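Note sheet for the following structure.
The values are calculated or read from the model by the stated rules, or taken from the named source; none is laboratory data. Worth saying up front: this structure is predicted, and the values here are computed from it rather than measured. As a convention, Cβ positions derive from the backbone with ideal geometry for all residues, glycine included, and neighbour counts pool all protein chains shown. Quick note on the areas: whole protein, heavy atoms, side chains included, nothing else; ligands and nucleic acids left out. Shrake-Rupley method; radii C 1.70, N 1.55, O 1.52, S 1.80 Å.
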Amino acid sequence: MSSCSTGFGPVHRSAGVPRGIESFGVGGPEVVSTIFGNTLRSQPGQPAGHKAQDSAWPFGLPGGEMAKRTFSSLEAFLIFLLVMMTAITVALLTLLFVTSGTIENHKDSGNHWVSTTQGPTTTQSSPTTQTPTTQTPDLPPSQNFSGYYIGVGRADCTGQVSDINLMGYGKNGQNAQGLLTRLFSRAFILADPDGSNRMAFVSVELCMISQRLRLEVLKRLQSKYGSLYRRDNVILSATHTHSGPAGFFQYTLYILASEGFSNRTFQYIVSGIVKSIDIAHTNLKPGKVLINKGNVANVQINRSPSSYLQNPPSERARYSSDTDKEMVVLKLVDLNGEDLGLISWFAVHPVSMNNSNHLVNSDNMGYAAYLFEQEKNRGYLPGQGPFVAGFASSNLGDVSPNILGPHCVNTGESCDNDKSTCPSGGPSMCMASGPGQDMFESTHIIGRVIYQKAKELHASASQEVTGPVLTAHQWVNMTDVSVQLNATHTVKTCKAALGYSFAAGTIDGVSGLNITQGTTEGNLFWDTLRDQLLGKPSEEIIECQKPKPILIHTGELTKPHPWQPDIVDIQIVTLGSLAIAAIPGEFTTMSGRRLREAVKKEFALYGMKDMTVVIAGLSNVYTHYITTYEEYQAQRYEAASTIYGPHTLSAYIQLFRALAKAIATDTVANMSSGPEPPFFKNLIGSLIPNIADRAPIGKQFGDVLQPAKPEYRVGEVVEVVFVGANPKNSAENQTHQTFLTVEKYEDSVANWQIMHNDASWETRFYWHKGVLGLSNATIHWHIPDTALPGVYRIRYFGHNRKQELLKPAVILAFEGISSPFEIVTT
């Protein structure tokens, strides 16, 4: 779909490739094809008018005709062979998992099994490892002030930018091949003036927070701070970029989507999150919190409007839009009014960067944070400076930034219908587009509008937030929650399952499978294949999940580990009149409205009036989507991905109301903590081996293969190609904190000054993998309007893996420098 997808060269939009193609949450079609076999991915389109339940039969016959179909001996043999080979593979993998209890590989050295009880590989020139110590939890000297102690911190959590899948898009082969911008963890600590209570809200530029990440972060915080930072007062919330690395999960479905567990990336992310909290803790000082709200226009559409219309007309009439347009902003200042930071919550999918992208980046919400921090931290490089801006996710489940809407890419006509399918070409032709000419421009357009609204609200914020910091948390088995709907009716949640439309994808990222959104009946072919490979779903789960036709009964699959979580975090933190509900998934627009309203009413019922309730999405553990009961009946993508069944939202509302009541009545201590989640010891690692890097004969790492031109003008692109090494080495040995710098020679100091690093949106770092350890690194600098005339150069920083016979591998730092070039005026 672009030259980048080949692994050789930058991303360019090709003819016929739509703008802003998005994801299907956590790799729907990719997971399905992994389980059911890649031979079933490419299927001919069905004729117009076929029923949804017939759409998946790969030979063009309706599923209902399977019983009438007479197979040739060859066809029967091939199907039998496919099923047997896949079953044998699953059995062997299961045997490996079951017998791997004594196998350890603490270094993620490329073997299939990894244990995550230790940190990443010890390598030459690596930073000194700090021994965890219990730090004094004392706040600065007590002062008589109204407000909070406030601390902000930011740290790099990028992880691998090569040899790993990007998380969120269900597209085979969409692996990381470089870097557009670094990913950051941004921590905000707020403590009562007397130090009695505190909370830490952490916005992390990842697709989601895995349960494993949260458990490891809490473990490290406990070892450093004792009981100061705990499961009840720490919220980890992902921004939901779909261009970050995968590989940091422990449940089997997500490991399949990640194509393995990466201890290297896991440790890098955990360390970054903890470091951001450390910095915020160190920076605590007296200050004030101001709140403001306002609507953001022209950056979002509802990508399942027909599902939204299933909600009661009387309920829909209370709202002017089928998306939540309100942004909530917290302005953090010290007692002198000096800015410290900002937290905003807004509902939109960060998927302006489409699924042809191979560069790690933070997408539209990350671009908004970048603009805000650059505005406030003048004179600092991106990712540096004291001011921290967190643009956090909210109830974004059915909200897309691809505001031009869905169109048939082959005809141009609209495909905004309940099946998201085209008359010619079917569902694979129905895609939504962003406002720009390519995904980079769309990201900038959407991100800039979000930034501008946040800047406006931040500047005009005047309402102070006052009151105590209060927290409540429970672990809940979400597969077994009884929900009291009314005085006479009780229902239950279900064991987890994914429906057919999970594999259909969305208008922001269609799948290659011939399955449409809104599928409400199963297909004999897919059901038979599932039963042969994974076993039949029980009658209990089939009945409980209705009308969802079950494609994968994840809640009944336990080998080698459970496929999806049963134990889920629910959490509320209040800061005076503000309540933050930490949601472990993706609420749709109306689901979020119902939860906010119910929690606000519960607080008011027990004396806490006029609370502002915000939803912090994708927090603490990932459980896919949460639709309303009415939206669930339509079984579009979001409903098919509501894993705990039709009453999931009602269960969450009941549980969060209980937390609100406990906070309001000061009875949190009486609540049960609930069943603790598991932490699995051994996980299957990436199948991509670690091999030694090699430079071409006569060359060294960092040598220039293609130099810069002597002269450029503003708006042009500087391109330099170097002899490279695998960038994943830099996630182990962090001698260099950037892959590149753009430097300008300053006559006044007779030295080179760094103007940009790899966290800048003006730079792009591409890695081109060759054979036998050979590779090239290409660096682009898109010269901005702000660039001053003068002499510049580009530096490349990398790490190469050196492997000598019978010796452990070492990772060595190197660098390369381009020839000088000049920026001239037009």
Would you give the gap between the C-alpha center of the stretch 611-649 and the C-alpha center of the stretch 763-826, rounded to a whole Å? 43 Å
Three-way shape label, the stretch 192-321, alpha-carbon gyration tensor, a/c 1.5: oblate
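In what sequence, highest mean first, do 363-370, 459-466 appear when ranked by Cβ atoms within 10 angstrom?
Going by the mean number of other Cβ atoms within 10 Å, highest first, we get 363-370, 459-466.
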Given a 1.4 Å probe, the accessible area of the stretch 441-573 per residue, as a whole number of Å², is 36 Å²
Where does each of 676-684, 808-816 land if you order them by average Cβ count within 10 Å, highest first? 808-816, 676-684
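What order do you get for 640-648, 501-509 when each peptide is scored by the mean count of other beta carbon atoms within 10 Å, highest first?
Sorting 640-648, 501-509 by mean packing, highest first, produces 501-509, 640-648.
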Taking the alpha-carbon centre of each part, the distance from the stretch 426-457 to the stretch 700-741 in Å is 29 Å
Cβ-derived FRET efficiency at R0 30 Å, V824 paired with Q452, nearest 0.05: 0.40
List the aspartates and glutamates whose Cα lies under 19 Å from the Cα of K219, skipping any in the same chain that are fewer than 8 positions away. D232, D278, D569, E676
Residues of type lysines that K769 reaches as a straight line, Cα spacing below 27 Å, ignoring anything fewer than 8 places off in the same chain: K107, K171, K699, K709, K728, K802, K807
Counting only residues 5 or more places away or on other chains, whose amide H sits under 5 Å from the amide H of V161 once H atoms are built in the peptide plane? K728
Once both labels are modelled 7 Å past Cα along the beta-carbon direction, what's the M671-E746 spacing in nm? 5.3 nm
Return the lysines within reach of K376: Cα separation strictly under 30 angstrom, same-chain partners fewer than 8 residues apart disregarded; answer none if there are no such residues. K275, K285, K288, K293, K325, K331, K453, K455, K744
Whole Å is fine, so just give me how far the alpha carbon centre of the stretch 149-225 lies from that of the stretch 379-402. 13 Å
Determine the dipole magnitude for the stretch 422-524: charges of +1 sit on the beta-carbon of Lys and Arg, -1 on that of Asp and Glu, nothing else is charged, the reference point is the Cα centre, and the result goes in debye to the nearest 20. 160 debye
Gyration tensor on Cα atoms of the stretch 301-452, a ≥ b ≥ c root eigenvalues, a/c under 1.5 rounded, else prolate if a/b beats b/c, else oblate, says oblate
Can you tell me the relative contact order of the stretch 627-729? Whole percent, Cα pairs under 8 Å, sequence separation 6 or more. 16 percent
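Hey, what's the stretch 316-412 come to in accessible area per residue, 1.4 Å probe, Å²? All intermediate terms of the calculation are to be shown ahead of the outcome.
Working: 2760 Å² over 97 residues.
It amounts to 28 Å² per residue over the stretch 316-412.
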